[in-house]
Amino acid sequence: MLAGTVTQSPARTQEQPKEQKPEDGTSPDAPQAQAPSAEALAAQEKLDALIKMMDENAARNGNSWQLSLAERQVFVVTDANADRMRIITPIAPATNLSAALLQRMLQANYDAALDARYAIAQEIVWSVFIHPLGSLTEKDFLSGTAQTVIAAQTFGTSFSSGMFVYGGGDTDTIHKELLEELEKRMQPTM
């Protein structure tokens, strides 16, 4: 459709069939929920054991856990039907973020946060790691947990997940500029 043009749908005629809805009231085009895979269900039980090793006081509520790591509140949420797992930790209220800080967050998502990401939901900035549940390994989970916590800890400073910085983004330059500025400040004492 070209900009500025409006099309109207033709009026319903008696010959046009009405949309058929199943007896349960759902749309026939609605996605059907899949049964959880055996791998996803087994992964949930493995996660439970791993999480309890990380924090013996971790609390499980069905498909979610709450634990404490490095003085941070961490949540692990799984959905066996969707074969997904996420590790999240809150960072700060999102309501007062400047445009520059939002931009820096997105730059870090490109090259410094790596497998963890910065996200905003429910007016909160979060550090998040998302992975398929069925193929999640212990190494993936431990790395994802560490990256999520470190990305939260470094929010507002290096915006890093603690791993290396992927080339081609802005973080390397920003880190170099910061280092040069600190070196200039330190020159009289060096």
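Restricting segment 76-112 to residues that are surrounded by 17 or more Cβ atoms within 10 Å (Cβ to Cβ), hydrophobic (A, V, I, L, M, F, W, C) and under 29 Å from GLU45 (Cβ atoms), which is farthest from the chain's Cα centre (by Cα)?
Checked segment 76-112; the qualifying residue farthest from the chain's Cα centre (by Cα) is ALA80.
It is to be established whether one or more residues within segment 147-157 are outside any helix (DSSP H, G or I) and in contact (Cβ under 8 Å) with a residue 12 or more places away in the chain.
Looking for residues that are outside any helix (DSSP H, G or I) and in contact (Cβ under 8 Å) with a residue 12 or more places away in the chain, one finds at least one in segment 147-157, hence yes.
Regarding LEU97, is this residue part of a loop (DSSP other than H, G, I, E, B), modelled with pLDDT of 90 or more and among the aliphatic types (A, V, I, L, M)? Reasoning before the result, please.
Numbers: part of a loop (DSSP other than H, G, I, E, B): yes; modelled with pLDDT of 90 or more: yes; among the aliphatic types (A, V, I, L, M): yes.
Answer is yes for this residue.
The values are calculated or read from the model by the stated rules, or taken from the named source; none is laboratory data. Fair warning: this is a prediction, and the values are worked out from it, not measured in the lab. Virtual Cβ from ideal backbone geometry, glycine too; neighbours counted across all protein chains shown.
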